[in-house]
Amino acid sequence: MSKEISLLETGRMLQAAESIVLCTHVSPDGDTLGSALGLARFLRQQGKQITVFCDDDINKSLSFIPGIEMCQRPVEGSTVTADLLVVVDASSFDRVGLVADVVKPKVLLNIDHHISNTRFADYLYLDDKAAAVGEVMCDLFEAMHWQMDEEMAVCFYTAISTDCGSFRYANTTPKTMRDAAKLLEYGVQPNEISDCLDIRSRATVELLGKVLPSLSFACEGKIAYITITNDLYDKNAQTDSFVSYPRYIDGVDVAVMFKAVEPEVIRVSMRSKSVDVAQVALSFGGGGHLRAAGCTIYAPVETAREQLLAVLSKLV
Ligand code: 5GP
Ligand code: MN
């Protein structure tokens, strides 16, 4: 069980540490990377010894994030000591991958915004009203009177924009937009960031063409789902936006993407208009937000689909 701390206590904990490891979650997105890298840049400028770990491949579309070259993969069997390990944007410890084994910190701090947070760290700063950890970073800099620069602003804008679907999702609040507006004052060009985030490889778009025919419906069209079977699965394709195709169909409440990364390892992405999919994901050992959540089901794809659709059918 974590001790929940205030923003000021979070800031002071970061200030007090000399050696800090920041870490993202696996399947890294713009929020975990932008938030971790913007904070890493600031702390490095303060003369601290900073390491950034990301135990996964990083999508090419995120390679523009300032400081992305700081990201290292933890090496299996190695040991890294630090005053502080900061887990950014991960609601459970299994989301950090090998970092959990490699890093031996004196203190473990989690900065997060997931309603499904499992309180795994020694200390937790959780703001489940924030659309992104990027918003938390804006609050932190303001509370601590830390000086931001344009690169940090790009990092945090990318974080916010990613998690609120470019200010279109239900988690977008007046504060989300105010934070974004303040970041623009530092010189962030929203069109440039959106172009970077939306760029896709040819292989990705070609895969989409093969995946869309799998579109199926359940519960009188209230559930729509697509499937990337293991024979279609391409590690290098960026499939995170595929779930928006079933999501934006008229009458659909819950959209699901099943992705067979192995024949019996099925990554599930859920998006919903009213169902609490975070609860559904949690019941399968995953997590997320009310309207965007995910989990992994260890079964053949047909079984995984049956199991998940059985639970969802009772909720729509
Ligand atoms: P996505 O569908 O884009 O992979 O994930 C949607 C949301 O659910 C994200 O906020 C992500 O962090 C969370 N999420 C996805 N998969 C998992 C998982 O396996 N475990 C946990 N704890 N959260 C997940
Ligand atoms: Mn996030």
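The values are calculated or read from the model by the stated rules, or taken from the named source; none is laboratory data. From a predicted model like this one, the values you see are computed outputs, not experimental measurements. Heads up, the Cβs are rebuilt from the backbone with ideal geometry, glycines too, and the neighbour counts pull from every protein chain shown. Areas reflect the complete protein model, heavy atoms only, side chains present, ligands, DNA and RNA absent. Shrake-Rupley method; radii C 1.70, N 1.55, O 1.52, S 1.80 Å.
Kindly provide the set of residues from the range 134-163 that are among the aliphatic types (A, V, I, L, M), open to solvent by less than 10 Å² (accessible area, probe 1.4 Å) and more than 14 Å from ligand 2 (Cβ to nearest atom), ordered by number. Within the range 134-163, 140, 152, 153 meet the criteria.
Residues that are within 14 Å of ligand 2 (Cβ to nearest atom) and at positive phi within the range 70-97 comprise just one, 89.
Considering the conditions (1) at pLDDT 95 or above; (2) open to solvent by 50 Å² or more (accessible area, probe 1.4 Å); (3) among the aromatic types (Phe, Trp, Tyr), residue 225 is excluded by exactly one of them, (2).
Kindly check whether there is at least one residue in the range 252-260 that is modelled with pLDDT of 95 or more and in contact with a Cys (Cβ under 6 Å, 6 or more places away or on another chain). No, the range 252-260 contains no residue that is modelled with pLDDT of 95 or more and in contact with a Cys (Cβ under 6 Å, 6 or more places away or on another chain). All conditions but one from (1) buried (at least 18 other Cβ atoms within 10 Å of the Cβ); (2) under 28 Å from residue 93 (Cα atoms) apply to residue 246; the one that does not is (2). Within the range 165-177, one or more residues are β-branched (Val, Ile, Thr), surrounded by fewer than 21 Cβ atoms within 10 Å (Cβ to Cβ) and more than 16 Å from ligand 1 (Cβ to nearest atom). Across the range 213-255, the number of residues qualifying as part of a strand (DSSP E or B) and of a type outside the set (Phe, Trp, Tyr) comes to 9. When residue 17 is tested against the conditions (1) at pLDDT 95 or above; (2) of a type in the set (A, V, I, L, M, F, W, C); (3) farther than 30 Å from residue 165 by Cβ; (4) surrounded by fewer than 20 Cβ atoms within 10 Å (Cβ to Cβ), the lone failure is (4). In the set 205, 188, only one residue is exposed (fewer than 13 other Cβ atoms within 10 Å of the Cβ), more than 16 Å from ligand 2 (Cβ to nearest atom) and not aromatic (Phe, Trp, Tyr); that residue is 205. Residue under question is residue 226, and the condition is that it be of a type outside the set (D, E, K, R), outside the structural domain of residue 171 (by TED's automatic domain parsing) and farther than 24 Å from residue 28 by Cβ; does it hold? No: the conditions fail for residue 226.
Of the residues making up the range 149-200, just one is of a type in the set (Lys, Arg), within 22 Å of residue 290 (Cα to Cα) and touching a residue at least 12 places away in the same chain (Cβ under 8 Å), namely 175. Taken together, the residues in the range 276-292 that are open to solvent by less than 10 Å² (accessible area, probe 1.4 Å) and either out of contact with any helix residue (DSSP H, G or I) (no Cβ under 6 Å at 6 or more places or on another chain) or in a strand (DSSP E or B) (or both) amount to 4.
Can you tell me which residues in the range 271-285 are in contact with a strand residue (DSSP E or B) (Cβ under 7 Å, 6 or more places away or on another chain) and free of Cβ contacts under 8 Å to residues at least 60 places away in the same chain?
Matches in the range 271-285: 271, 272, 275, 277, 280, 284, 285.
Taking helices (runs of 4 or more DSSP H) as the structural unit, those lying wholly within the range 88-163 and holding at least 2 residues that are farther than 21 Å from residue 296 by Cβ and out of contact with any His (no Cβ under 6 Å at 6 or more places or on another chain) correspond to 133-144, 150-163. Note on the range 293-308: residues that are assigned to a helix (DSSP H, G or I) and either within 15 Å of ligand 2 (Cβ to nearest atom) or β-branched (Val, Ile, Thr) (or both) amount to 2. Against the test of being closer than 29 Å to residue 130 by Cα and over 18 Å from the mean Cα position of the chain (by Cα), the options 261, 268, 311 yield a single qualifying residue, 311. Is one or more of the residues making up the range 50-69 open to solvent by 50 Å² or more (accessible area, probe 1.4 Å), more than 14 Å from ligand 1 (Cβ to nearest atom) and part of a strand (DSSP E or B)? Checking the range 50-69: not a single residue is open to solvent by 50 Å² or more (accessible area, probe 1.4 Å), more than 14 Å from ligand 1 (Cβ to nearest atom) and part of a strand (DSSP E or B).
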